[in-house]
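A short write-up of the structure that comes next.
The values are calculated or read from the model by the stated rules, or taken from the named source; none is laboratory data. Given the structure is predicted, the values throughout are model-derived calculations rather than measurements. Cβ placement follows ideal geometry from the backbone for every residue including glycine, while neighbour counts extend to all protein chains displayed. Side chains included, ligands, DNA and RNA excluded: accessible areas come from the protein's heavy atoms. Shrake-Rupley method; radii C 1.70, N 1.55, O 1.52, S 1.80 Å.
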Amino acid sequence: MKVVVGWLKELCPTDLSAESMAEALTSLGAEVEEILRPWDGLEGVVTAKVLEVSDHPSSDKLCLARVSFGSGERELVVGVRNMQAGDVVPLAGPGARVPALPEPLSAREIRGVTSEGMLCSPREIGISADHGGILILPPDTTVGVDFKQHFGLDDAVLDIAVTPNRPDLMSVIGVAREVGAATGTKIRAPVAELDEADEKAESAATVEVRDPERCPRYLARVIRGVMAGPSPLLVQARLTASGMRPVLNVVDATNYVMLELGQPMHPFDLAGLAGGAVVVRRAEQGERMTTLDDVDRELTVDDLLIADREKAVGIAGVMGSAIAEVGDATRDVLLESANFERVGILRTARRLGLQTEASMRFERGADPEAPPAAADRAAMLIAEWSGGTVLHGAIDVGEAPPRRRVDVRPERASALLGQDLSAGDVEDAFTLLGIPAVRRDWNVEVEVPGYRVDLEREIDLVEEVARVRGYERIEATVPGIRQAGGLPDTYRLRRRIREAAVRAGLREVKSLSFVSQADLRLVGDHEAVRVANPLRAEEGFLRTSLLPGLLHALQVNERYGVRAAHLFEVGRVFFPADAGVEERERVGFAMHGQAVPPTPGERRDVDFFDAKGALESLLHSLGVEGWSLGSSPSRRLFHPGRSASVYLGDELAGEVGELHPRVAEDLDLPGRVAIAELDVAVLAPRAAPWPSFRDIPQLPPARRDLAFTVDANVPAGELRQAIVDASAGLAETVELFDVFTGGPIPEGKKSLAFSVDFRAPDRTLTNEEADELVVRIVERLRADFGAQHRAG
């Protein structure tokens with residue numbers, strides 16, 4: 001919202017500078033983003049009287065104008081000829097500056113005639129976008145005075161960021177109330193004194209509201225005998241500085257009052273309304289109307305229309321049509337000042353892609369009490385600027401709802417704000433805001449005016465007390481706590497997983513939870529939770545796996561030429577469930593490019609064993625024991641021969657392996673890609689308490705190397721686990737160090753060699769004890785796998 005400071009001071013008389021006013025508003029929560037000075041580039045322009053207009057001797061399109069500016073005369077070459085002798089115009093002589101030009105003006109020769117400056121159009125001096133002719137000033141304008149000072153253009157503009165819950169700040173008076181609260185200045189309401197005719201408005205027009213829920217109130221006034229023309233210069237300048245385009249005096253009056261009071265209005269040419277009737281109704285399905293922007297629009301039954309007895313003439317609260325548009329030929333005006341249901345306006349504006357100054361105010365919540373005062377003010381200005389006559393009374397259908405009354409408990413406000421507040425303190429805060437408040441017993445009853453749609457509960461009013469008294473008066477204190485600090489178990493585990501993944505050489509990424517249909521097909525999931533209002537149309541589902549997001553992150557790194565991208569993510573995945581949505585936490589990682597660190601003298605790409613190594617490091621850091629690798633996952637995402645399922649005991653915890661080459665090719669990821677995904681809920685109960693420590697062993701181990709011949713399809717991990725189980729807890733480490741096939745190993749067999757360290761916590765194991773453990777292990781593996789011990 002752009003607010004002209006001079007306009008603001010008319011409603012809130014104060015000596016504050018623009019900078020001080022911006023600081024005061026920002027401290028109250030109405031953030032001033034910028035202070036604009038739109039007429040800073042206007043210097044040296046004076047008012048001048050046209051003495052003579054003549055033809056240019058060398059051009060049919062140009063003319064010569066001789067003007068007097070009080071202390072002298074000048075001759076200028078002019079490109080238009082809308083002025084005549086006796087007119088008062090703005091003159092920019094040599095050395096003067098205008099906002100439309102970057103450099104000061106100078107005398108220059110045009111077609112053989114020296115032009116001593118220029119006569120200015122409205123656009124060149126920054127009061128409107130009109131560049132069709134020279135600006136003709138009121139005939140009683142004093143000649144020879146500084147144009148900028150005479151017409152009040154030495155002013156600043158505050159650009160205020162308005163939050164959606166404060167539509168009252170989309171008006172000059174709303175901002176004035178805030179300045180008044182900050183300075184203690186009493187607000188002056190804009191004057192609305194009408195000189196009404198004897199003819200009654202009801203005799204000239206009728207209003208019928210067929211949908212009172214969507215239009216709780218519709219008020220119309222009638223102004224006869226208007227003469228369309230330009231608005232006063234100051235009005236045009238203020239509208240332009242506020243971001244609106246001056247049109248005609250009748251239209252400008254409604255826009256001016258909308259900016260001033262926050263109530264959108266619309267003027268209709270009464271002659272364009274069949275029978276002088278206004279009918280507020282819903283559109284018929286498929287009904288069409290051409291709006292003022294010359295776009296033919298198809299409407300639905302959800303759209304509210306302003307119509308007459310025969311046709312639609314406007315979309316309520318959004319935009320009118322050309323059928324009853326006010327123009328040069330308009331003589332009688334029906335002025336609409338209504339209140340429309342905010343959500344309905346929002347739906348219509350969003351569906352049609354129409355965001356207007358009116359719709360922005362209605363969809364945030366316009367003041368339901370404002371239509372009468374705004375209509376009176378606008379009718380007065382229309383009559384004043386256009387010479388029209390306001391008919392007696394108004395056609396008023398509906399009424400404003402009763403005001404809300406909300407109690408504030410001073411002791412509650414004191415507890416929330418950390419200050420000792422009395423009922424008088426609370427009452428004084430609302431008095432400064434101009435909001436009625438009275439003490440009742442131990443509470444303060446606040447009567448919420450219609451323009452404060454954001455004040456609904458006690459906590460809202462407590463915040464108002466804090467705003468007005470000043471946030472800087474609230475001291476910083478440390479709140480009391482009822483229990484010792486710390487992290488919940490779920491947060492602690494998540495932190496441990498992240499730290500473990502970083503120690504495994506991975507870098508964390510964060511991806512959005514939204515995925516596309518293609519991402520779901522990638523991981524083989526056909527059922528997913530659909531998002532009602534996705535950020536992107538193609539990403540309309542919640543993810544069922546972390547891997548698509550990680551693979552897309554690898555794609556980005558590949559495009560930027562990153563040699564090694566080893567990434568992980570801890571996050572939630574979502575699945576449809578009978579009760580709604582089931583959420584599960586996962587940890588996943590994806591590795592691509594060079595193995596890090598590369599072997600000296602050798603560079604290689606990542607493969608299955610890098611993924612397995614990262615998995616081992618992760619599980620080891622978490623203290624998870626008793627895990628094993630099983631058969632390849634069924635998901636098409638994984639390479640069938642270079643992947644495995646991860647089990648914790650008999651429970652499936654996830655998958656690890658290489659990405660299927662065809663999938664990698666589809667994703668433009670050359671070479672091998674190592675991936676893994678684990679279910680945190682399966683890891684959690686098996687993770688060791690954190691932190692955990694143990695002393696360095698004081699006793700030496702008994703080391704044995706054991707080799708076994710087994711069928712080629714027997715997983716090494718299952719043999720390793722069997723060795724651990726058979727050792728009665730005395731096998732401290734079991735490491736596979738050799739896999740051998742071929743002669744003398746029979747065909748279809750393989751040899752697996754393990755290095756086993758036996759260690760007891762309380763004594764040094766004897767050779768006899770170690771040999772007994774070896775015998776137990778050999779018997780266990782022979783019974784479970786048909787393994788043959790290769791002695792020697």
- Can Q517 be described as open to solvent by 40 Å² or more (accessible area, probe 1.4 Å), in contact (Cβ under 8 Å) with a residue 24 or more places away in the chain, within 26 Å of P640 (Cα to Cα) and among the polar types (S, T, N, Q)? yes
Condition set under 28 Å from the mean Cα position of the chain (by Cα) and small (G, A, S), scope region 447-505, selection farthest from E363 (Cα to Cα): answer is G470
query: Would a scan of region 456-479 turn up a residue that is in contact with a Lys or Arg (Cβ under 8 Å, 6 or more places away or on another chain) and in a loop (DSSP other than H, G, I, E, B)?
result: yes
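Residue by residue, here is whether (1) open to solvent by less than 90 Å² (accessible area, probe 1.4 Å); (2) acidic (D, E) holds:
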| residue | (1), (2) |
| --- | --- |
| V406 | yes, no |
| E411 | no, yes |
| A423 | yes, no |
| V426 | yes, no |
| R457 | no, no |
| D460 | yes, yes |
| G470 | yes, no |
| P488 | yes, no |
| R496 | yes, no |
The condition of being assigned to a strand (DSSP E or B), surrounded by 15 or more Cβ atoms within 10 Å (Cβ to Cβ) and touching a helix residue (DSSP H, G or I) at 6+ places or on another chain (Cβ under 9 Å) holds, among V438, V397, V453, V446, only for V446
Looking across region 635-675 at residues that are surrounded by fewer than 16 Cβ atoms within 10 Å (Cβ to Cβ) and touching a residue at least 60 places away in the same chain (Cβ under 8 Å), the single one that is nearest to E585 (Cα to Cα) is R636
Scanning region 352-376 residue by residue, the ones that are open to solvent by 40 Å² or more (accessible area, probe 1.4 Å), under 21 Å from V222 (Cα atoms) and assigned to a loop (DSSP other than H, G, I, E, B) total 1
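Within region 180-195, can one find any residue that is closer than 20 Å to G93 by Cα, touching a helix residue (DSSP H, G or I) at 6+ places or on another chain (Cβ under 9 Å) and charged (D, E, K, R)?
Quick first cut of region 180-195, residues closer than 20 Å to G93 by Cα only: none.
Looking through region 180-195, none of the residues is closer than 20 Å to G93 by Cα, touching a helix residue (DSSP H, G or I) at 6+ places or on another chain (Cβ under 9 Å) and charged (D, E, K, R).
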Here the qualifying pairs (Cβ atoms under 8 Å; residues six or more apart or on different chains; first in region 273-289 and more than 14 Å from E336 (Cβ to Cβ); second among the hydrophobic types (A, V, I, L, M, F, W, C) and loosely packed, with under 15 Cβ neighbours inside 10 Å) come out as R282/V301; A283/V301; E284/V301; Q285/V301
Quiz item: Being farther than 28 Å from I125 by Cβ, over 29 Å from the mean Cα position of the chain (by Cα), modelled with pLDDT under 95 and basic (K, R), is that true of even one residue in region 274-290?
Solution: yes
Filter region 297-307 for residues that are free of Cβ contacts under 8 Å to residues at least 40 places away in the same chain and crowded, with 20+ Cβ neighbours inside 10 Å; the one that is nearest to the chain's Cα centre (by Cα) is L299
Of those in region 239-266 that are of a type in the set (A, V, I, L, M) and part of a loop (DSSP other than H, G, I, E, B), the residue most open to solvent (accessible area, probe 1.4 Å) is V247
**Message:** Quick check on region 49-60. Is at least one of its residues under 25 Å from L233 (Cβ atoms), under 53 Å from the mean Cα position of the chain (by Cα), in contact (Cβ under 8 Å) with a residue 24 or more places away in the chain and surrounded by 17 or more Cβ atoms within 10 Å (Cβ to Cβ)?
**Reply:** yes
Per the list (1) farther than 16 Å from A728 by Cα; (2) assigned to a loop (DSSP other than H, G, I, E, B); (3) in contact with a strand residue (DSSP E or B) (Cβ under 7 Å, 6 or more places away or on another chain), residue check on A791 breaks on (3)
* For region 332-351, indicate whether the set of residues that are over 24 Å from T163 (Cα atoms) and not in a strand (DSSP E or B) is non-empty. => yes
Within region 308-326, the residues that are among the small types (G, A, S) and open to solvent by less than 30 Å² (accessible area, probe 1.4 Å) are A312, G314, A316, G317, G320, S321, A324
Note: among V46, V77, just one is surrounded by 14 or more Cβ atoms within 10 Å (Cβ to Cβ), in contact with a His (Cβ under 8 Å, 6 or more places away or on another chain) and over 30 Å from E260 (Cβ atoms), namely V77
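What number of residues within region 543-593 satisfy the criterion of being part of a strand (DSSP E or B) and either over 20 Å from E616 (Cβ atoms) or acidic (D, E) (or both)?
So the answer is 16.
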Residues in region 129-159 that are part of a loop (DSSP other than H, G, I, E, B) and farther than 29 Å from E31 by Cβ total 16
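Residue check: is L567 in contact with a helix residue (DSSP H, G or I) (Cβ under 9 Å, 6 or more places away or on another chain) and farther than 28 Å from Q721 by Cα?
The answer is yes for L567.
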Flagged in region 742-788 as open to solvent by less than 60 Å² (accessible area, probe 1.4 Å) and among the charged types (D, E, K, R), in numbering order, are K750, D757, R759, E769
Residue hits (region 128-159; touching a residue at least 12 places away in the same chain (Cβ under 8 Å) and of a type in the set (S, T, N, Q)) are S128, T141, T142
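Suppose the filter is of a type in the set (D, E, K, R) and buried (at least 21 other Cβ atoms within 10 Å of the Cβ); does R342 pass it?
no
Do we find that V191 is closer than 30 Å to L16 by Cα, of a type in the set (V, I, T) and modelled with pLDDT of 95 or more in this structure?
no
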Scanning region 268-296 for residues that are open to solvent by less than 20 Å² (accessible area, probe 1.4 Å) and under 19 Å from I345 (Cβ atoms) gives F268, V278, V279, V280, A283, M289, T291
Going residue by residue through region 184-200, is there one that turns out to be outside any loop (DSSP other than H, G, I, E, B), open to solvent by less than 30 Å² (accessible area, probe 1.4 Å) and not aliphatic (A, V, I, L, M)? no
